[in-house]
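First the structure, in the form of structure tokens, and then the observations on it.
Just so you know, all these numbers are worked out from the coordinates, no wet-lab data involved. Only a predicted model underlies this, so the values are computations on that prediction, with no experimental measurement involved.
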Amino acid sequence: MFLAYCDECEDRFLLPASHVVGVHNLASGVIAVELTCYEGHHLLVLSGNDIDIPGPATV
Ligand SMILES: [Zn+2]
């Protein structure tokens, strides 16, 4: 499950792995997970060893 904030919905969702549309390695230990919210908007969430602040991300 991924906690993601959607700017367009102005709401925070807990999204299952089935909403993942892509995973991008940005740097060593940093991963950007591309998701869609329940309305179909695209979101980007950073995760990885070096990220300790969960929440929305802008890349
Ligand atoms: Zn949305």
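Rounded to the nearest Hz, the phi-derived 3J(HN,Hα) couplings of segment 6-20 under the Karplus curve 6.51 cos²θ - 1.76 cosθ + 1.60 (θ = phi - 60°) are 9, 5, 6, 7, 6, 8, 10, 10, 9, 9, x, 4, 5, 8, 6, where x marks glycine and proline. For segment 25-33, putting each phi into the Karplus relation 6.51 cos²θ - 1.76 cosθ + 1.60 with θ = phi - 60° gives couplings of 7, 8, 7, 5, x, 10, 10, 9, 9 Hz, in residue order, rounded to whole numbers and with x for Gly and Pro. Rg and Dmax over the alpha-carbon atoms of segment 2-48 stand at 10.4, 32 Å. Here's how it looks for Gly48: its modeled amide H is under 5 Å from those of Ile31, which are all 5 or more places away or on a different chain. In plain terms, the chain from Cys9 to Val30 could stretch by 5.0 nm, reckoned as 0.36 nm per residue minus the Cα-Cα distance.
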